[in-house]
Amino acid sequence: MLLTGITLLSLWMLQISFIRPYYERNRTQVISQKGLEIERWLQNPKALEDPERLTKMLSKENMCGSIYSSEGEILMTSSGSLVCILNSLPTQSVLEYILMAQEAPTSQFSIRFSSDIFEQGMYFYGKEVVSESGTYYIFINSPLELLDSTVFVIRRQFALLAFIVFSMATLVSFLLSRHLSKPIERLNASAHNLAKGDFDVEFEGQGIHEMDSLAQTLNYATSEFKKTNDLRRDLIANVSHDYKTPLTMIKAYAEMIKDISGDHKEKREEHLNVILDEVNHLELLVNDMLTLSKYESKMYEINKTNYNLLDNIEHTVDLFQLDDWRINISCSKKHCVYADQVKMGQVLYNFISNAIKYASQTKKIDIVVEEIENNKLKVNVKDYGEGLDEYEKAHLWDRYFKIDKNYQRSSAQSGLGLSIVKAICSANGSDYGVESQKGEGACFFYTLEKCKKT
């Protein structure tokens, strides 16, 4: 609304300042054009036989004109203009004007002056015309100022138009501000609820493109906040459980050594072994948390080298010493990859460990390497266990996510394995994932870049 007022005021000032100069400049150009038109007309030997032609050419533009001979004799004059000084021009003045046209470099001249008789600015134009029938002198007179009635009408129309435009702009601004402010107020209220911890709040844009886009972004942020909050709650619960159990065991067995088995060597050794196992589990938990933190903060350096993939797989499988398992490896001896051998070996170790954990009944694992596009290899670790549903596949890579919420703690695992796998693959530039159907086992995979030529 303020912008509308400023615009209208600027237009008003421009009208006051420039309408008169613009009119005068335009008037001068029109008079010059009429002079050229009369000059072309006089080239016709029979031009002076049509006395009304001059009036027709000038009357529409509120001009008057006369044509004189070189002796100062008037040959033709226009009629119809009330504001015309040519009607009372003395013979001496006519001769002076003829002399001015003769001496002018372009054979034409113009004079601006203020008429005391008509009380307004006037424009006088003179031009010498040489034709086959003789030499003629054209004189044209025209008022330069706008008629007062015309100025009054224009200003009145502008004032009325300004009032209408300002009123419409005010109404549109009011309606538009109400239309825009309502979704903003709702978004603001929802944001306050989100700040208070209400993660079920929903943001709505109400059909406005920008508001809908903002609402979608805020809804996405809210869902991520909710996931983070759920993860934090589960993290605290799981970490507390994993820390509390070994600490309780350490305390209990330390008290038993003190009160019961201190002098009994076999009992004391048994109790000390339990304490050592629990300390080892705590150390594993702390180390995995530090490892994951370093990967996520990109503090671990990835040392990529060329190495034989089959040798790496066979070495990793040998670490498990599974004599009663069937582990089938399908990989060409020629497969060479470019990656961090130690860290990607840790990824494979984790996938095999999970397969062993969830396929203990079938005791069968397939490790298949296949070539894919973009000069890469895909390593698949397939087990024949119970498989995963869609929810489990979506959250499998989250910290401390357990397929069975009523899990029993394992001294060999910290619950961070797949989260570390995710961080390692991201740092190495490898794709990763799982393909599974409930009841049909699971196939974990990751990709590796083929060897670079040296």
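Filter region 52-78 down to the residues that are over 60 Å from the mean Cα position of the chain (by Cα), assigned to a loop (DSSP other than H, G, I, E, B) and closer than 22 Å to ARG40 by Cβ and list them by number. Quick ask: steps written out before the conclusion?
At the first step, the residues of region 52-78 found to be over 60 Å from the mean Cα position of the chain (by Cα) are 52-59, 63-78.
The next check asks that each one be assigned to a loop (DSSP other than H, G, I, E, B); those that pass are 52, 63, 70-73, 78.
Across region 52-78, the qualifying residues are GLU52, MET63, SER70, SER78.
Look through region 302-323, keep the residues that are free of Cβ contacts under 8 Å to residues at least 24 places away in the same chain and more than 15 Å from LYS334 (Cβ to Cβ), and return whichever of them is surrounded by the fewest Cβ atoms within 10 Å (Cβ to Cβ). I'd like the intermediate steps shown before the answer.
Just the residues of region 302-323 that are free of Cβ contacts under 8 Å to residues at least 24 places away in the same chain, to begin with: 311, 314, 318, 321, 323.
Checking the rest, the ones that are also more than 15 Å from LYS334 (Cβ to Cβ) come to 318, 321, 323.
Numbers: ASP318: 9, GLN321: 7, ASP323: 5.
Here the answer is ASP323.
Could you check region 433-450 and list, in sequence order, the residues that are under 16 Å from ILE313 (Cβ atoms) and surrounded by 18 or more Cβ atoms within 10 Å (Cβ to Cβ)? It would help to see each step written out before you state the result.
Our first condition is that a residue be under 16 Å from ILE313 (Cβ atoms); within region 433-450, this holds for 443-448, 450.
Matches in region 433-450: CYS443, PHE444, PHE445, TYR446, THR447, LEU448.
Among the residues of region 370-385, what is the count of those that are under 20 Å from VAL421 (Cα atoms) and buried (at least 19 other Cβ atoms within 10 Å of the Cβ)?
Number satisfying all stated conditions: 5.
Among the charged types (D, E, K, R) and under 50 Å from the mean Cα position of the chain (by Cα): is that true of ASP340 in this structure?
Working: among the charged types (D, E, K, R): yes; under 50 Å from the mean Cα position of the chain (by Cα): yes.
In short, yes.
Is there any pair with a first residue in region 430-454 that is within 12 Å of LEU396 (Cβ to Cβ) and a second that is in a loop (DSSP other than H, G, I, E, B) and not small (Gly, Ala, Ser) whose Cβ atoms are under 7 Å apart and which are 6 or more apart or on different chains, and what are they?
Correct list of pairs: VAL434/LEU388; VAL434/LEU396; SER436/LEU388; ALA442/LEU388.
Within region 358-379, count every residue that is part of a helix (DSSP H, G or I) and free of Cβ contacts under 8 Å to residues at least 12 places away in the same chain. First the steps, then the outcome.
Quick first cut of region 358-379, residues part of a helix (DSSP H, G or I) only: 358.
Still in the running and free of Cβ contacts under 8 Å to residues at least 12 places away in the same chain: none.
So the count comes out to 0.
Condition check: charged (D, E, K, R), out of contact with any Leu (no Cβ under 7 Å at 6 or more places or on another chain) and exposed (fewer than 15 other Cβ atoms within 10 Å of the Cβ). Does GLU49 satisfy that?
On the way: charged (D, E, K, R): yes; out of contact with any Leu (no Cβ under 7 Å at 6 or more places or on another chain): yes; exposed (fewer than 15 other Cβ atoms within 10 Å of the Cβ): yes.
Answer is yes for this residue.
Let's see how each residue does on (1) farther than 18 Å from GLU449 by Cβ; (2) aliphatic (A, V, I, L, M):
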| position | (1), (2) |
| --- | --- |
| VAL317 | yes, yes |
| LYS333 | yes, no |
| CYS336 | no, no |
| ILE356 | yes, yes |
| GLU370 | no, no |
| ASN375 | no, no |
| LYS378 | no, no |
| ASP383 | yes, no |
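Every residue in region 328-355 that is part of a strand (DSSP E or B) and farther than 19 Å from ILE372 by Cβ, please.
If we filter region 328-355 for residues that are part of a strand (DSSP E or B), which is where we start, we get 328-330, 336-339.
Hit for region 328-355 is ASN328, nothing else.
Just the residues that are modelled with pLDDT of 90 or more and closer than 22 Å to VAL434 by Cα, please, taken from region 318-340.
Scanning region 318-340 gives ASN328, ILE329, SER330, CYS331, VAL337, ALA339.
The values are calculated or read from the model by the stated rules, or taken from the named source; none is laboratory data. Predicted model only: the values in this text are computed from it and were never measured. Cβ coordinates were reconstructed from backbone atoms using ideal geometry, including for glycine residues, and neighbour counts include every protein chain displayed.
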